Amino acid sequence: MKGFGARLRELFGRPARDEQFFAELGDILLEADLGPAATDRLLEGLRKQVGSAQDRDSFLAALKGLLAASLRFEALDLVPGSPNLLLVLGVNGVGKTTTIAKLAAWYRRRGSQVLLAAGDTFRAAAIDQLALWGERLEVPVVRQAPGADPGAVIFDAIASARARGADLVLADTAGRLHNKTQLMKELGKIDKIIRARLEPRAAYRKVLVIDATTGQNAVRQAEAFQQAVGVDSVILAKYDSTGKGGAVVSLCRDLGLPISFVGTGEKLEDLELFDAGRFLDALVARE
C-alpha cells in the first residue's frame, strides 16, 4: 500500500487542479487521519494560496506551510532548585511505562537526579515493570503494594524527592480501571494531591503518552484526558510519521496540545525531541 507522501506526489503530478483533484486530496488527508475539520481547513487554505496553479512544488510547499502552522512543540525543561513532577498519563498498551524509563534516561544524561513513582497501583505488573526499570537505570522507585492508594504513592514520592534532593519525579498512573469514570476520578484525586504538596515554584506538568500509529483514536483519548484533568503536552510513542501522522496535526491544532517527545524504537536511547520540520519532511516526502 502506498504511503501518504507517495500518494501526494502521484496526485500532484497530475496536470489538472479541478474539483476532482481537491476531492482526491481530501480523501488522502482523511486516510492519514487528519480529521474532517483539519482537512477542510487545509483544502480551503490551498485553494486560496495556490488555486489552480499547475506547479507541483508550489502545492507541496503550500501544503507543508499550512501543516507547519498547526504544529506545536514544547520542551519539558526542568525548573532548577526545586523538585519537578511529570504526571505521565495514557491508556494501557501505549508504551507508557517504557516511555517513563526513556524519560528517566534522557534527563539523567543531562545531569538530573530522577525518582520514579509507581502510581499505577491497579496492576501489579505495572509496579514490577517500573521497579525493574529503576534497577536497570539505578534510579530510586517509590512503590507500595498493588491496590494501594496511588495518591499516597505519589505523596510519598514528592517527600522522598525533597529528602534526596532529586530534580525530577516521573509518576506513572493507571491506564484502565473498571470504567473510564473511575479512572478519571482517580486521576483528579492524584492531581489535587500533587498541587497541594508541590512547592509553588516547582514545575508540574501532565504528559499524555499516545500510540502514534492509532490515528484519530489517539485524538479521542487525548480529548478524554484533557477534559478530565488537563494535559500539558504529548509524547508520541511507537512513532511513525508516515502512517497516521495526520493525527498529530489534530492534536496540535484542534486540541491545542504541543508535542514534546517522540519514541522511535525499543531502546532507552530511542527518545527524541519532536522536530516539526523533520516530521513534515517525512510526512510530505519528495522524490
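Mind putting a number on the dipole of the chain about its Cα centre? Charges go on the C-beta only, +1 for Lys and Arg and -1 for Asp and Glu, and I need it in Debye to the nearest 20.
About 540 debye.
With a sphere of radius 14 Å drawn around the Cβ of residue 26, what net charge do the other residues whose Cβ falls strictly inside it have (Lys, Arg +1; Asp, Glu -1)?
-4
For the pairs 48/206; 206/267; 64/185; 102/189, flag any whose C-alpha to C-alpha distance is greater than 30 Å.
48/206; 64/185
Just to check I understand the Karplus step: with θ = phi - 60° and J = 6.51 cos²θ - 1.76 cosθ + 1.60, what whole-Hz values come out for region 84-99, glycine and proline as x?
10, 9, 10, 8, 9, 10, x, 6, 4, x, 8, x, 5, 5, 5, 5
Give the label of the value calculated from the structure for percent of Cα pairs over 30 Å apart, choosing from [x] 35; [y] 27; [z] 40.
Identified label for the calculated read-out: [x].
In what sequence, highest mean first, do 253-260, 273-280, 86-93 appear when ranked by Cβ atoms within 10 angstrom?
Put in order of decreasing packing, that is 86-93, 253-260, 273-280.
Toward the positive end of the charge dipole of region 37-155, about the Cα centre and with charges on Cβ (Lys, Arg +1; Asp, Glu -1), which of 105, 73, 134 goes farthest?
Projecting each Cα onto the dipole axis, the largest value belongs to 73.
Of the beta bridges DSSP finds with both residues in the chain, what % are antiparallel, to the nearest 5?
Of the beta bridges lying entirely in the chain, close to 10 percent run antiparallel.
Residue farthest toward the positive end of the dipole of region 4-70, with Cβ of Lys/Arg at +1 and Asp/Glu at -1: which of 37, 59, 8?
Of the options given, the answer is 59.
Mind listing the phi-derived Karplus ³J(HN,Hα) values for region 125-132, rounded to whole Hz, using 6.51, -1.76 and 1.60 with θ = phi - 60°, and x for any glycine or proline?
Per-residue couplings from phi come out as 5, 5, 5, 5, 5, 5, 5, 5 Hz.
Output the peptides 190-202, 96-108 sorted from most to least packed, where packing is the average of other Cβ atoms within 10 Å over each peptide's residues. Kindly include the intermediate steps, with their values, before the conclusion.
Working: 190-202: 15.3, 96-108: 22.8.
Result, highest mean Cβ count within 10 Å first: 96-108, 190-202.
Can you list the chymotrypsin sites (Phe, Trp or Tyr not before Pro) in region 109-165 that are in a DSSP coil and have 16 or fewer other beta carbons within 10 angstrom? Working shown, then result.
Values: sites: 122, 133, 155; in loops: 122.
Those that pass, being in a loop and sparsely packed, number zero.
Using modelled amide H (1.01 Å from N, peptide plane; none on Pro or chain starts), what sits under 5 Å from the amide H of residue 89, excluding residues fewer than 5 places away?
Residues meeting the criterion, in which the H sits 1.01 Å from N, are 207, 208, 209.
Throughout, read-outs are computed from the coordinates displayed, never taken from laboratory work. Because the structure is predicted, anything quoted here is derived from the model rather than measured. Don't worry about glycine lacking a Cβ; one is built from the backbone with ideal geometry, like all the others, and counts go over all protein chains shown.
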